[in-house]
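No value in this document is a laboratory result; all are computed from the given coordinates. These figures come from a predicted structure and were not determined experimentally. We place every Cβ from the backbone using ideal geometry, glycine too, and count neighbours over all the protein chains shown.
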């Protein structure tokens, strides 16, 4: 008999009533001080509210909805050769991919403090400078790699 894995239930953020913030913080910090990241994120949202006078939770939801990848490539070895096979993602997996890509952009910034890294990345996101292009390039790159290996797409398992 197959044992099913229980779906992970994310708590709702008490301040903004959003599961998205909880997911963001959980992906941002694997171990350690999540409350510190919550406080930093709340301060960033306050500062952005003063700068742009816009609901940043709604903006983050729209950004994730626009930049979800349709497919993801999975590397498979067949007879000593490596192929990239397209794998269709579920909704929560698409959201997780975009969050991970966005968090990686934040982590590799040059600023000294986490507050400034998150703040400047959200400002760039709001002004639609670098991140949106990065996500489009990432999706296009995945689709090109899948096109190259299209004849091996029947190797899904």
Förster-model FRET efficiency, 22 Å R0, residue 8 and residue 29, C-beta, rounded to 0.05: 0.85
Part-to-part distance (alpha-carbon centres) for region 1-54 and region 62-104, which is given in Å: 22
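Is the shape of region 31-138 best called rounded, prolate or oblate, per the rule: a/c under 1.5 gives rounded, else a/b larger than b/c gives prolate, else oblate, with a ≥ b ≥ c the square roots of the Cα gyration tensor eigenvalues?
Values: a/c = 2.36, a/b = 1.93, b/c = 1.22.
Judged from the Cα gyration tensor, region 31-138 comes out prolate (a/c at least 1.5, a/b above b/c).
Can you figure out the FRET efficiency of residue 15 with residue 147, using R₀ = 35 Å and their beta-carbon distance, to the nearest 0.05?
Working: r = 44 Å, r/R0 = 1.26.
The value I calculate is 0.20.
Classify region 20-72: rounded, prolate or oblate, from the alpha-carbon gyration tensor (a ≥ b ≥ c, eigenvalue square roots; a/c under 1.5 rounded; otherwise prolate if a/b is larger than b/c)? Before the final figure, lay out each step's value.
Working: a/c = 3.49, a/b = 1.07, b/c = 3.26.
The shape class here is oblate.
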